[in-house]
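The values are calculated or read from the model by the stated rules, or taken from the named source; none is laboratory data. All values derive from a computational prediction rather than experimental measurement. Cβ coordinates were reconstructed from backbone atoms using ideal geometry, including for glycine residues, and neighbour counts include every protein chain displayed.
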Amino acid sequence: MTKKIILFSIACFFILCGFVSYFLYSRIFSNNIKKTGELYIETKDSLLDLTKKIAPFLENKNSFYWVATQKKYSDPKAGRYLLEKGMSNNDLINLLRSGNQTPVKVSFNNQDTLEKLADRISEQIESDPKQLLDAFKDLAFLKKNNLNEKSVLGIFIPNTYELYWNTSAEGFRNKMLGEFNQFWNKSRLLKAKKINLTKNEVITLASIVQKETVKKSERPIVAGLYLNRLKKEWPLQADPTIIYSIKQKKGQNYVVKRVLLVDLEIDSPYNTYQRKGLPPSLISMPDITSIDAVLNAEKHNYYYMCANIEKLGFHSFAKTLSQHNRNANKYHRWLNKQGINR
């Protein structure tokens, strides 16, 4: 009888061990991710914060937390992680512990101000607008790279870039500076030298071209016209610089649909009707097509341009002042007819 009890006890022990082993194995290695998706872990997140965020992906939230504590996983690494359906708690914790996050594609187009750029970027990475603005305007960074709060906008080349979601504001800024320096390869630098402009001057002129026309096919013509004026040491007389000057005084949201004669008297270093040469810095963020339009400007004898009312969005170009005056009179009559006074 005693022998049977011993055997029964041994059998029960092994069965219990089997159940315990199966229970532990299931908690650690069985599938627990029920759907594929993206998980964003912030720098400040604790394990409890992470558990709340990951809960919608889990079949069993408690088993995840239990395995995490058993594996002594308590300090989540910030980032964007792709979770795949069927992952186990063990797979998941190994992924998060490794910090092997998936990059994000960060894109931005032409932003007129650093504030607008900061808002746009903060929608795509962890850093908030204030952190980004502080990084952009950091005096040590600006001094080191011979920049100021106006010209620093020029280092941001509109495009799509691959970054980690938790890239710091300084990291993003430095990445963009690196991309800017890489953009200015030997070929582009040589082209800038041939037109007697520095890369910052090319960016400044490109920003005017960008604002002058939305038609990419026209940009090399417009760039050639401004270069003709610079060679002749004429004032650029670029309306976009007047509009920029007005907005500097009235605010970025002030709408200017028509430049008036009185506007040409505005006291501003960006008034290219009163001052010869390029303005002190760019007036907006130019895209690659505008920059390359300056570097590959069309060679022609145009010195004047005016909006084309027969082909809206384009310009009428002229070689002489008399030709231009005819185009301008036609345009002004059209503006008056449309009731556009400002």
Could you please find all residues in the range 286-327 being part of a helix (DSSP H, G or I) and either touching a residue at least 24 places away in the same chain (Cβ under 8 Å) or acidic (Asp, Glu) (or both)? 288, 289, 290, 291, 292, 293, 294, 295
Failed item, numbered, when residue 72 is tested on (1) basic (Lys, Arg); (2) over 34 Å from the mean Cα position of the chain (by Cα); (3) surrounded by 13 or more Cβ atoms within 10 Å (Cβ to Cβ): (3)
Tally up the residues in the range 183-218 that are of a type outside the set (Lys, Arg) and either free of Cβ contacts under 8 Å to residues at least 24 places away in the same chain or loosely packed, with under 12 Cβ neighbours inside 10 Å (or both), please. 9
Among what's in the range 114-156 and is part of a helix (DSSP H, G or I) and in contact with an Asp or Glu (Cβ under 6 Å, 6 or more places away or on another chain), pick the residue that is nearest to residue 173 (Cα to Cα). 135
For the subset of the range 25-48 comprising residues that are farther than 22 Å from residue 125 by Cβ and among the basic types (Lys, Arg), which member is modelled with the lowest pLDDT? 27
For the range 204-260, the count of residues that are part of a helix (DSSP H, G or I), hydrophobic (A, V, I, L, M, F, W, C) and closer than 16 Å to residue 303 by Cα equals 9
Only one of (1) more than 23 Å from residue 116 (Cβ to Cβ); (2) touching a residue at least 40 places away in the same chain (Cβ under 8 Å) does not apply to residue 237, and that is (2)
Among 296, 308, 271, which is surrounded by 12 or more Cβ atoms within 10 Å (Cβ to Cβ), at pLDDT below 95 and polar (S, T, N, Q)? 308
Being over 12 Å from residue 54 (Cα atoms) and part of a strand (DSSP E or B) is the filter here; which residues of the range 81-93 pass it? 88
Please go through the range 94-113 and pick out each residue that is of a type in the set (Ser, Thr, Tyr) and in a strand (DSSP E or B). 107
What's the number of the condition residue 258 fails, among (1) of a type in the set (Lys, Arg); (2) surrounded by fewer than 20 Cβ atoms within 10 Å (Cβ to Cβ); (3) under 27 Å from residue 193 (Cβ atoms)? (3)
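Conditions (1) within 30 Å of residue 157 (Cβ to Cβ); (2) at pLDDT 95 or above; (3) touching a helix residue (DSSP H, G or I) at 6+ places or on another chain (Cβ under 9 Å), marked per residue:
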residue: 50; (1), (2), (3): no, no, yes
residue: 70; (1), (2), (3): no, no, yes
residue: 73; (1), (2), (3): no, no, yes
residue: 76; (1), (2), (3): no, no, yes
residue: 112; (1), (2), (3): yes, no, yes
residue: 118; (1), (2), (3): yes, yes, yes
residue: 140; (1), (2), (3): yes, yes, no
Index of the failed condition, residue 248 passing every other in (1) farther than 21 Å from residue 232 by Cβ; (2) touching a residue at least 24 places away in the same chain (Cβ under 8 Å): (2)
Residue by residue through the range 37-80, note down the ones that are in a helix (DSSP H, G or I), under 21 Å from residue 104 (Cβ atoms) and touching a Phe, Trp or Tyr at 6+ places or on another chain (Cβ under 6 Å). none
Given the condition more than 27 Å from residue 42 (Cβ to Cβ) and surrounded by fewer than 15 Cβ atoms within 10 Å (Cβ to Cβ), answer yes or no: does some residue in the range 159-182 qualify? yes
Find all pairs meeting these conditions: Cβ atoms under 7 angstrom apart; at least six residues apart or on different chains; first residue within the range 58-80 and over 19 Å from residue 101 (Cα atoms) and hydroxyl-bearing (Ser, Thr, Tyr); second residue modelled with pLDDT of 90 or more and surrounded by fewer than 18 Cβ atoms within 10 Å (Cβ to Cβ). 65/51
